[in-house]
Protein chains: 2
Amino acid sequence: MSPKHNRLFKLCQKFNNYYLKILYNGLDALPFVVEGQQVGLIKENVRSVLLLKYPEVFCLRDFHDTKKQPVIELNPAFRDYTERTEQLDKILRELRETNLFPALQGWREEYYDVKSDQKSLLKMDRSATSIFGVRKYGIDINGYVRHPKLGLCLWQQQRSNTKETWPGKWDSLVSGGLSVGYGIFETAMKEAAEEASIPNNLLKNMISAGSVSFFFESENGLFPNTEYVFDLELPIDFIPQNSDGEVQAFELLPAEECLEKIFTNDFKTTSCPVVIDFLIRHGFITPENESNFTKIVELLHVPLQSLF
Amino acid sequence: MSPKHNRLFKLCQKFNNYYLKILYNGLDALPFVVEGQQVGLIKENVRSVLLLKYPEVFCLRDFHDTKKQPVIELNPAFRDYTERTEQLDKILRELRETNLFPALQGWREEYYDVKSDQKSLLKMDRSATSIFGVRKYGIDINGYVRHPKLGLCLWQQQRSNTKETWPGKWDSLVSGGLSVGYGIFETAMKEAAEEASIPNNLLKNMISAGSVSFFFESENGLFPNTEYVFDLELPIDFIPQNSDGEVQAFELLPAEECLEKIFTNDFKTTSCPVVIDFLIRHGFITPENESNFTKIVELLHVPLQSLF
């Protein structure tokens, strides 16, 4: 058996390290509850800081009389979306000045809506979502070329060295998180223009192609992420150009080389599922050439929506 | 909110009725163990018959001293693949003469390999796999046409009224279960020729496009099924023809009408996930037109591989 045999499966385990931890060892985090609804998961290291420093904002609800697990609740006295947002924002800005949560060093001044079902409960800076284990959504565009000589090729971008998260790492041609006030397709169009200067006449060929979901944990916290994926076939003579300073290079790679690249440390871990999903949907990774095929497909779509 | 609002989500719940039962109520079946390895799940109604009628073949192992749940074990005295297969085959043929298990009325004389990881432990008739809750694998070919007037269209087949399972129901253009001795791609090629007379010059365009997994329960037992999906773009003038008597009609339908059809009782329930997955991958069902998009994508890829 070749040493390469299990590497795709191992990569899927890497970006699902927290999903697999829950699956095999049970949950080591407590539900984060806002207005009676679970919206996230809080780990012990975060919990101890929040409860100690901000007892007027967070409380531990311990259900002594039942077998229910305790939860961390945002003070239910906060009346509405605005008050919850303001109270949380204030303490997050304070915490940002400390070194307690490295995730906050990636502060973006971009708000992320925290919802229960369809109802918005509050918004917080996108950098803070991993501290509270809130499900996060983003878009990824697979920009590809059917090259007459090289076959199926994928465009990739190298993230700027000055980016707060994953600086200098290779990534999908276009990607971005959903922020308050922007729709899914709208975010894809906006990021395509900003990150890669893709003109509208090419963007009209963009096709919604599904989503991937995975649950990753790093020193920055918990990432129960869902990425909406879009495929965009590009003409062979199109060269992407960055407009917003967040990309330092682009490269067009044959599918085989893309696959090799995601196994290196040069590729953003949380963008690997998007590339793998693309290579599966386009017949490059198949049940004939990949013995863990069904396990891999399942690990690209882990059940985040039924976690809470 | 339109009455159609949740129907796709409800359909995903329908073919995942057993997955959701486990998720929310816990498991109501015992592990089926062969040579120390779990290979399936056995429900109470099956268990009582097997243990009472065939105590020399099946035994209940109750771990009195631990918190482990009991398991149903195939007699470990059976030495090898051949002996296990013969012993099981004998009693299944006996049971087929009774009305105890309706699934056995669909007896096929087609063997299905029961494996643990990569090792084959025994084979049983394909009709019996649902009695033992053994994971089953099949192939589906989405035969589609890009019609100049009608847009994206899908070919569907109507199963023969004389088929043992789902007679008269509409289904993917080509589908079939994996049997002992046939590979995945090989099964797809074989079924494409038998069921729809697709010539090799068209089949060379067939693309592996992933897999769907779901866990359905019916009066015939448990169906933890994985379908390897293939996409095949067909020329507008190709008309499929059946060669094996298992299909009574073919029809080419625009995507919109396909979607309507899977909501009727005329469509084979366990083929719906394949159609939904196709319509998602090809940009017909999108996060913009389907509010349960991410839930649906997850319910098309439920984690069967980590069940046991």
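The values are calculated or read from the model by the stated rules, or taken from the named source; none is laboratory data. All values derive from a computational prediction rather than experimental measurement. Please note: Cβ atoms are built from the backbone with ideal geometry, for glycine as well, and neighbour counts cover all protein chains shown. The protein model used for the area step is the full one, side chains on, heavy atoms only, and it has no ligands, DNA or RNA in it. Shrake-Rupley method; radii C 1.70, N 1.55, O 1.52, S 1.80 Å.
A few comments on the model shown:
- Within region A:156-175, the residues that satisfy the criterion of being of a type in the set (Ser, Thr, Tyr) and closer than 13 Å to A:Phe250 by Cα are A:Ser160, A:Ser172.
- Residues that are hydrophobic (A, V, I, L, M, F, W, C) and touching a residue at least 60 places away in the same chain (Cβ under 8 Å) were ranked within region A:158-197; the one that is surrounded by the most Cβ atoms within 10 Å (Cβ to Cβ) is A:Leu173.
- On the stretch given as region B:1-41, residues that are without any contact (Cβ under 8 Å) to a residue 24 or more places away in the chain and in a strand (DSSP E or B) total 0.
- Those residues of region A:61-84 which are outside any loop (DSSP other than H, G, I, E, B) and either modelled with pLDDT under 95 or open to solvent by 90 Å² or more (accessible area, probe 1.4 Å) (or both), in sequence order: A:Arg61
- Taking the criterion of being loosely packed, with under 14 Cβ neighbours inside 10 Å and at positive phi, the residues of region B:26-40 that qualify are B:Gly26, B:Gly36.
- Condition met for B:Leu100 (over 24 Å from the mean Cα position of the chain (by Cα) and open to solvent by 60 Å² or more (accessible area, probe 1.4 Å)): no
- Flag for B:Gln87 being assigned to a helix (DSSP H, G or I) and modelled with pLDDT under 95: no
- Selection status of B:Ile236, modelled with pLDDT of 95 or more, farther than 30 Å from B:Ile131 by Cα and either open to solvent by 30 Å² or more (accessible area, probe 1.4 Å) or within 11 Å of chain A (Cβ to nearest Cβ) (or both): yes
- Scanning region B:203-221 for residues that are within 11 Å of chain A (Cβ to nearest Cβ) and either polar (S, T, N, Q) or open to solvent by 40 Å² or more (accessible area, probe 1.4 Å) (or both) returns B:Asn205, B:Ile207, B:Ser208, B:Ser211, B:Ser213.
- In region B:195-308, counting only helices (runs of 4 or more DSSP H) that sit wholly within it, the ones holding 3 or more residues that are over 29 Å from A:Phe9 (Cβ atoms) span B:200-203, B:255-262.
- Boolean, B:Glu56 is outside any helix (DSSP H, G or I), open to solvent by 60 Å² or more (accessible area, probe 1.4 Å), out of contact with any Cys (no Cβ under 9 Å at 6 or more places or on another chain) and modelled with pLDDT of 95 or more: yes
- Residues being open to solvent by 50 Å² or more (accessible area, probe 1.4 Å) and either more than 14 Å from chain A (Cβ to nearest Cβ) or more than 17 Å from B:Arg146 (Cβ to Cβ) (or both) - total across region B:251-286: 9
- Search result, residues across region A:9-25 that are within 14 Å of another protein chain (Cβ to nearest Cβ) and open to solvent by less than 50 Å² (accessible area, probe 1.4 Å): A:Phe9, A:Cys12, A:Asn16, A:Tyr19, A:Leu20, A:Ile22
- Filtered residues of region A:217-256 (kept if of a type in the set (Phe, Trp, Tyr) and under 30 Å from A:Tyr18 (Cα atoms)): A:Phe223, A:Tyr228, A:Phe230
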